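K.L.:
Encoded as structure tokens, here's the structure I'll be asking about.
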Amino acid sequence: MPDVTLTTLNKLKQSGEKIVCLTAYDATFAHVESEAGVEVMLIGDSLGMVLQGHDSTLPVSVDDMAYHTAAVKRGNKGALIMADLPFMAYATLEQALTNSTTLMQAGAHMVKLEGGRWLADSIEVLSRNGIPVCAHMGLTPQAVNVLGGFKVQGRDEVQARAMIEDAKALEAAGAAMLLLECVPPALANAITQAVKVPVIGIGAGSGTDGQVLVVHDMLGLSLSGRVPRFVKNFMSGQPDIPAAIRAYVAAVKNVEFPAAEHEF
Ligand code: KIV
Ligand code: NA
């Protein structure tokens, strides 16, 4: 078991202390991030874009995720390791169980999947079998072709109300954590207050229980030259990468990041 557990994260939520999450894909970054105080390291399927150079996360395989999860596990110093179930890895209950098993056996402590209330059955079966689940809502990049692009979600009242209901349904099904990507801060705050489990945000304002970023983004590394509004470059003014990651941890803990300029 890692030093940081779901119990730790629930206590942080209750005490109002922010949870720091950051993507990691290899052993060296895992070592540096966990030593810097990152509590949850996410092996994101964003690796399809930042490591593999694809224009979406859709080409990422379960084997890719397991390879990087195993590397992160080797460098980890006590953080909770969360691994993404990639595109089409949880379309059926059977697939969700088999593929989550692969990721857990590679070193993950929990898995993350993308979607709404239709995931309730999968989440219930996974948690019943000892696999904690984080449900990623709002902008769900695996559905980019359905959403019509990487766009802010939950802007209108009907969509927003539906997302709050989805969040409650997924918590009731056993979700141990929620992650909100690119939603208006007011909606993120409403969801954070509507559920007891920790809510991590990216592009969702400062009111969630924690924050996550793609590590390449926060180090000023970009493949496309286009940087999302919610990203801050933590390298500026820092002598090296460990210092930049420590600055990110401090900024999340002090609620200095995200600032108003990073919100939608
Ligand atoms: O894949 C990823 O890096 C993610 C985060 C952006 C939340 O899912
Ligand atoms: Na992801």
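The values are calculated or read from the model by the stated rules, or taken from the named source; none is laboratory data. As the structure is a prediction and not an experimental result, all values here were calculated from the model. Methodologically, a virtual Cβ is constructed for each residue, glycine included, from the backbone with ideal geometry; neighbour enumeration extends over all protein chains shown. Heads up: the accessible areas ignore ligands, DNA and RNA and are worked out on the full protein's heavy atoms, side chains in. Shrake-Rupley method; radii C 1.70, N 1.55, O 1.52, S 1.80 Å.
K.L.:
Contour minus end-to-end for Q105 and D63, with contour as 0.36 nm per residue of separation and end-to-end as the Cα-Cα distance? If you can, show how the numbers build up before the last one.
P.N.:
Working: separation 42, 0.36 × 42 = 15.12 nm, distance 1.20 nm.
Length difference between fully extended and current span is 13.9 nm.
K.L.:
Can you give me the long-range amide H partners of H109? Hydrogens built in the peptide plane at 1.01 Å from N, cutoff under 5 Å, separation of 5 or more residues or another chain.
P.N.:
For H109, the qualifying residues are I81, M82, A83.
K.L.:
Next question, about the same structure. Contour minus end-to-end for F150 and K168, with contour as 0.36 nm per residue of separation and end-to-end as the Cα-Cα distance?
P.N.:
Stretched fully, the F150-K168 segment lengthens by 4.0 nm.
K.L.:
Straight-line reach from K232: which lysines fall under 23 Å, measuring Cα to Cα and dropping same-chain residues less than 8 apart?
P.N.:
In chain and number order, the partners are K18, K151, K253.
K.L.:
Heavy-atom accessible area per residue, the range 6-262, 1.4 Å probe: how many Å²? Intermediate results must be reported in sequence, preceding the final value.
P.N.:
Details: 10750 Å² over 257 residues.
Ligands and nucleic acids excluded, the result is 42 Å² per residue.
K.L.:
Rounded to the nearest whole Å³, what is the per residue volume of the convex hull around the Cα atoms of the chain?
P.N.:
113
K.L.:
Which value in nm describes the separation of the simple spin-label points at Q14 and L221, placed 7 Å from the Cα toward the beta carbon?
P.N.:
3.8
K.L.:
Further question: Could you calculate the FRET efficiency of D121 with K253 from 1/(1 + (r/R0)^6), where r is the beta carbon distance between them and R0 is 35 Å, rounded to 0.05?
P.N.:
0.45
K.L.:
Here's another thing I want to ask about it. I need to check one value: relative contact order of the range 73-196, counting alpha carbon pairs closer than 8 Å and at least 6 residues apart, in percent. Working shown, then result.
P.N.:
Numbers: 182 pairs, mean separation 29.7, N = 124.
Computed over the range 73-196, the figure is 24 percent.
K.L.:
Please report the carbon-and-sulfur percent of the accessible area for the range 96-243; probe 1.4 Å, protein heavy atoms only, DNA, RNA and ligands left out.
P.N.:
Of all accessible area on the range 96-243, carbon and sulfur atoms account for 53 percent.
K.L.:
Check each of the trypsin sites (Lys or Arg not before Pro) in the range 189-264 and keep only those in coil by DSSP with at most 16 other C-beta atoms within 10 angstrom; list them in order.
P.N.:
In loop regions of the range 189-264 (DSSP not H, G, I, E or B), the sparsely surrounded trypsin sites (Lys or Arg not before Pro) are K196, R226, R229.
K.L.:
May I pose another question? Specify, per residue and in Å³, the volume enclosed by the convex hull of the alpha carbon atoms belonging to the range 126-264. Mind showing how you got there, number by number?
P.N.:
Details: hull volume 18.4 nm³, N = 139.
It is 133 Å³ per residue.
K.L.:
Excluding residues on the same chain fewer than 8 positions from K168, give the lysines whose Cα lies under 20 Å from its Cα.
P.N.:
K11, K13, K112, K196
K.L.:
Here's a follow-up. Mind running the shape call on the range 201-264? Use the C-alpha gyration tensor, a ≥ b ≥ c as the square roots of the eigenvalues: rounded below 1.5 for a/c, prolate if a/b tops b/c, oblate otherwise.
P.N.:
Oblate is the answer for the range 201-264, as a/c is 1.5 or above yet b/c matches or exceeds a/b.
K.L.:
Moving to a separate point now. With an 8 Å cut-off on Cα pairs and a minimum separation of 6 or more residues, tell me the relative contact order of the range 1-57 in percent.
P.N.:
Rounded, it is 26 percent for the range 1-57.
K.L.:
Given contacts defined as C-alpha pairs under 8 Å and at least six residues apart, what's the relative contact order of the chain, whole-number percent?
P.N.:
Normalised by residue count, the contact order of the chain is 18 percent.
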